[in-house]
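Novice: So that we are looking at the same thing, I have put the structure below in structure tokens.
The values are calculated or read from the model by the stated rules, or taken from the named source; none is laboratory data. If you're wondering where the values come from, they're calculated on a predicted model, not measured in any experiment. Cβ: placed from backbone, ideal geometry, glycine included. Neighbour counts: every protein chain shown.
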Amino acid sequence: MKLKMRSFFKLIIIGTIFGILSCNTVPQTTEQKTAPTQKAVVKKEKKKQKITKLDPLLRYVTKLTVEQKVGQLLMPALQTSSGSWITTIQDGYDVLSTYNVGGFILYKGNIESAPQVQKLIYDLQSVAKIPLLFSIDLEGGKVNRLNRLSWGGFKDVPTAQIVGNANSTVMAKNLYSLLGAELRMLGITLNMAPVADVLSNPKNYLIGKRSFGTDVALVERMVTAAVEGFQQSGVGAVLKHFPGHGSTDKDSHVDRLSSKIGVEAFRVSLKPFLTGVRAGAAAVMVNHVQYPKVTKEKAPSSLSSLIINDILRTRMKFHGVVITDSMSMKGILKDFPTQKAVVMAAQAGADIILRPENVGRAYQSLLAAVKNGTISMEHLNASVVRIIGLKKALGIMDIDNDLQAKFVMRPDKLLNKGKKVTALVQAIRNAAKKKK
């Protein structure tokens with residue numbers, strides 16, 4: 001009875017958000033009388049991806065051990081157990097061999113030079129049993145983990161606000177394509193950008209200049225340009241921070257966040273994400289913000305099946321990889337310790353757990369949840385299929401006839417595109433000044 005009532009109320013909430021009778025923001029589906037269960041979502045995902053028993057991707061995933069599958073859900077920072085930043089394979093091998101992680105996110109502490117970063121990535125790839133995703137935050141402005149490099153065009157990447165002010169999708173796409181090409185040369189294949197948040201609260205210092213702007217249509221155009229630019233260079237774009245972080249006035253790195261927006265504002269915040277999904281974004285990052293006036297839940301988005309499965313996957317028809325925002329943020333840890341948070345995130349529909357506070361505890365908690373049935377094997381397989389599918393799509397790996405994974409990406413020559421980037425950045429800055 002309680003389950004039926006919960007499904008009934010979820011249906012009412014979703015109907016209210018999307019305006020069953022009037023809202024055309026998101027494609028409507030009328031065939032479902034109740035909100036889908038987790039099992040139904042997994043079944044639908046498998047159908048959408050045309051997975052059959054003969055599909056080599058599914059056959060490869062089912063061949064993996066439970067420990068290997070669980071490891072694929074984790075994308076920790078590249079640090080030692082004492083917190084030191086890893087810059088060579090000697091320090092990074094232990095994390096990789098112990099937990100079979102699916103990839104790493106790089107920070108400034110991992111970066112010394114372009115040749116060093118490239119060698120670090122390819123050395124780790126050479127010993128990984130399953131090829132790895134290497135990600136980074138390259139938005140522009142202060143959120144740029146590569147601005148210490150003298151190589152390339154990373155030194156002076158403009159903020160999203162400046163790119164938005166220039167209001168040229170051609171220049172935006174070209175900029176992100178050039179930056180994507182340089183990321184790819186280093187071996188980085190996933191960028192935690194673009195920010196698809198509409199800056200609806202002028203007091204929002206966390207997002208601020210990281211947003212393309214306050215106008216929804218402008219943000220939509222720039223998001224599309226960024227997704228297309230990065231991905232035409234072979235780097236997966238990650239839309240963030242779903243379902244929208246532009247309305248908040250605090251920092252989830254240091255505090256729990258609860259947005260006060262209602263249904264109409266929430267619906268507007270979804271628009272750039274829908275546009276990015278339709279542009280083919282490889283992944284979506286889910287934030288740690290609560291939306292009690294909309295969802296009637298106390299759980300943050302990253303732990304909400306309503307947000308991830310019902311809204312993002314079912315209503316917005318996103319079939320790619322879902323990534324949590326960093327699970328080391330105090331905004332999540334204040335209420336949900338690592339052991340609990342990672343399991344709840346996976347249950348809610350997240351595929352990749354980003355930067356857990358303690359990778360060992362996260363791994364053991366997820367493994368225990370799978371073994372005791374809290375996370376079903378069907379659900380785990382569906383997530384791993386999406387992750388491995390992304391690696392294949394990005395050209396990182398292939399699966400041979402014997403169902404063995406092969407790392408197929410090779411180091412490129414470090415061709416410096418810095419002059420082209422610098423010239424384009426200057427043109428964007430000039431255009432932005434003229435628009436003011």
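Novice: Please go through region 135-181 and give me each residue that is out of contact with any helix residue (DSSP H, G or I) (no Cβ under 6 Å at 6 or more places or on another chain), in a helix (DSSP H, G or I) and of a type in the set (K, R), ordered by number.
Specialist: Selection gives nothing.
Novice: Out of V198, V157, which single residue is buried (at least 21 other Cβ atoms within 10 Å of the Cβ), touching a residue at least 60 places away in the same chain (Cβ under 8 Å) and in contact with a Leu (Cβ under 8 Å, 6 or more places away or on another chain)?
Specialist: V157
Novice: While we're on this one: Can you find, within region 267-317, the residue that is surrounded by the most Cβ atoms within 10 Å (Cβ to Cβ) among those that are free of Cβ contacts under 8 Å to residues at least 40 places away in the same chain and in contact with a Pro (Cβ under 9 Å, 6 or more places away or on another chain)?
Specialist: Top of the filtered list is Q290.
Novice: Okay, moving on. Any idea which of A345, A423, A427 is in contact (Cβ under 8 Å) with a residue 40 or more places away in the chain and within 30 Å of S177 (Cα to Cα)?
Specialist: The unique qualifying residue is A427.
Novice: Taking region 347-368 only, how many residues are under 21 Å from V95 (Cα atoms) and part of a helix (DSSP H, G or I)?
Specialist: Total satisfying the criteria: 10.
Novice: Hey, another quick one. Residues D398, D335: which one is under 25 Å from the mean Cα position of the chain (by Cα), free of Cβ contacts under 8 Å to residues at least 24 places away in the same chain and over 23 Å from P194 (Cα atoms)?
Specialist: Going through D398, D335 in turn, just one is under 25 Å from the mean Cα position of the chain (by Cα), free of Cβ contacts under 8 Å to residues at least 24 places away in the same chain and over 23 Å from P194 (Cα atoms): D398.
Novice: Something else about it: Quick check: is even one residue across region 216-236 modelled with pLDDT of 95 or more and closer than 19 Å to I308 by Cβ?
Specialist: Scanning region 216-236 turns up at least one residue that is modelled with pLDDT of 95 or more and closer than 19 Å to I308 by Cβ.
Novice: Please go through region 329-354 and give me each residue that is in contact with a strand residue (DSSP E or B) (Cβ under 8 Å, 6 or more places away or on another chain) and at pLDDT 95 or above, ordered by number.
Specialist: V342, A345, A346, G349, A350, D351, I352, I353, L354 - these are the residues of region 329-354 that are in contact with a strand residue (DSSP E or B) (Cβ under 8 Å, 6 or more places away or on another chain) and at pLDDT 95 or above.
Novice: For region 106-133, how many residues are among the aliphatic types (A, V, I, L, M), outside any loop (DSSP other than H, G, I, E, B) and closer than 21 Å to S150 by Cα?
Specialist: Qualifying residue count for the region: 4.
Novice: Do the conditions hold for I388, that is, is it modelled with pLDDT of 95 or more, assigned to a helix (DSSP H, G or I), crowded, with 21+ Cβ neighbours inside 10 Å and not small (G, A, S)?
Specialist: Yes.
Novice: Being over 10 Å from the mean Cα position of the chain (by Cα) and either outside any loop (DSSP other than H, G, I, E, B) or of a type in the set (F, W, Y) (or both) is the filter; apply it to region 274-291 and report the residue that is farthest from N204 (Cα to Cα).
Specialist: Here the residue is R278.
Novice: Show the residue pairs that are 6+ apart or on different chains and have beta-carbon atoms under 6 Å apart, the first residue being within region 353-380 and at negative phi and surrounded by 15 or more Cβ atoms within 10 Å (Cβ to Cβ), the second being part of a loop (DSSP other than H, G, I, E, B) and of a type in the set (S, T, N, Q).
Specialist: Partner pairs satisfying both residue conditions: L354/S326; E357/S328.
Novice: Same structure again: Have a look at L133, L120, L124 and point out the one that is under 20 Å from the mean Cα position of the chain (by Cα) and either more than 14 Å from V421 (Cα to Cα) or at pLDDT below 95 (or both).
Specialist: Of the residues listed, the single one that is under 20 Å from the mean Cα position of the chain (by Cα) and either more than 14 Å from V421 (Cα to Cα) or at pLDDT below 95 (or both) is L133.
Novice: Does S259 count as small (G, A, S), without any contact (Cβ under 8 Å) to a residue 40 or more places away in the chain, crowded, with 23+ Cβ neighbours inside 10 Å and over 30 Å from K417 (Cβ atoms)?
Specialist: When the stated conditions are applied, S259 passes them.
Novice: Still on this structure: Run S211 past the list (1) more than 30 Å from E264 (Cα to Cα); (2) of a type outside the set (F, W, Y); (3) surrounded by 22 or more Cβ atoms within 10 Å (Cβ to Cβ); (4) out of contact with any Phe, Trp or Tyr (no Cβ under 8 Å at 6 or more places or on another chain) and report the number of the one that doesn't hold.
Specialist: (1)
Novice: Also: Kindly indicate whether any position in region 130-151 is touching a Leu at 6+ places or on another chain (Cβ under 7 Å), under 30 Å from N401 (Cα atoms), without any contact (Cβ under 8 Å) to a residue 40 or more places away in the chain and hydrophobic (A, V, I, L, M, F, W, C).
Specialist: No - not one qualifying residue is present in region 130-151.
Novice: Turning to a different aspect of this structure: Collect the residues in region 397-414 that are among the aliphatic types (A, V, I, L, M), in contact with a strand residue (DSSP E or B) (Cβ under 7 Å, 6 or more places away or on another chain) and either surrounded by fewer than 15 Cβ atoms within 10 Å (Cβ to Cβ) or closer than 19 Å to S233 by Cα (or both), keeping them in residue-number order.
Specialist: Within region 397-414, M397, V408 qualify.
Novice: What's the number of the only condition in (1) touching a residue at least 60 places away in the same chain (Cβ under 8 Å); (2) β-branched (V, I, T); (3) buried (at least 20 other Cβ atoms within 10 Å of the Cβ) that T248 fails to meet?
Specialist: (1)
Novice: Continuing with the same structure: Of these, K271, K317, K298, which one is at pLDDT 95 or above, more than 20 Å from P76 (Cβ to Cβ) and part of a loop (DSSP other than H, G, I, E, B)?
Specialist: That would be K317, the only listed residue that is at pLDDT 95 or above, more than 20 Å from P76 (Cβ to Cβ) and part of a loop (DSSP other than H, G, I, E, B).
Novice: Right, another one. Do any helices (runs of 4 or more DSSP H) lying entirely in region 1-104 carry at least 1 residues that are modelled with pLDDT under 90, and which ones are they?
Specialist: It comes to 2-18, 38-48, 56-63, 89-99.
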